[in-house]
Amino acid sequence: MHRTRQFAGAGREPSDADFALAREHLPPALFALFARQHPRDIVHAAATARWLLTRGYSQPDLVLAALLHDIGKGEQRRLDRVVYVLADAVGAAGRVASPTSRFAVRRAVGRTREHSRSGANQLAAAGAPVRAVELTLNHHGPSGHDTMLALLQQADAES
């Protein structure tokens, strides 16, 4: 159901409210990263942050990570995302991914596989707080006893 909802909403364009939310919570250098995301990632990021905020979770590093956790994905077509989800479901994403392939879909699968690390690197380079960088880096890993990471993961899954 989660993937069906994602696919159905993939064509939505960001709203003025999505950008206003990001401007409210991000300094200019990080807002520039937010605005460079693919439109579907902007919509998802704003929804992730709203999920947290409407439930009373307003810690600045958590909201920042919600708005930028997928920054490392870069430009991707809908096909690229579908191929990644299918390849990952059968355990073949590692074999499909190739950052140097002549095939755009293989390069995109590689970016998706590495987006947490790439996004964390981009955030660190832009001066994001260490905690927001950590949350971005680990948002697809086990949360362990990290309540803030677990909240980001839940918001990500619900958005």
Quick check on the chain: what are the equivalent-ellipsoid semi-axes from the Cα gyration tensor, as sqrt(5λ), descending, whole Å? 24, 17, 16
For the range 111-151, max minus min Cα coordinate along each principal axis, in Å, sorted largest first? 27, 23, 11
Qualifying GluC sites (Glu not before Pro) for the range 69-135 [loop in DSSP, other Cβ within 10 Å: at most 14]: 75
Charges at C-beta only: +1 for Lys and Arg, -1 for Asp and Glu. How large is the resulting dipole of the range 2-158 about its Cα centre, in Debye rounded to 20? 660 debye
Could you tell me how many degrees, from 0 to 90 and to the nearest 10, lie between the Cα long axis of helix 115-125 and the main elongation axis, the longest principal axis, of the Cα atoms of the chain? 50 degrees
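Bear in mind that the values in this text are calculations on the coordinates, not laboratory data. What you see is a predicted model; the values in this text were computed from it and never measured. Using ideal geometry, Cβ is built from the backbone for each residue, glycine included, and neighbour counts are taken over all protein chains shown.
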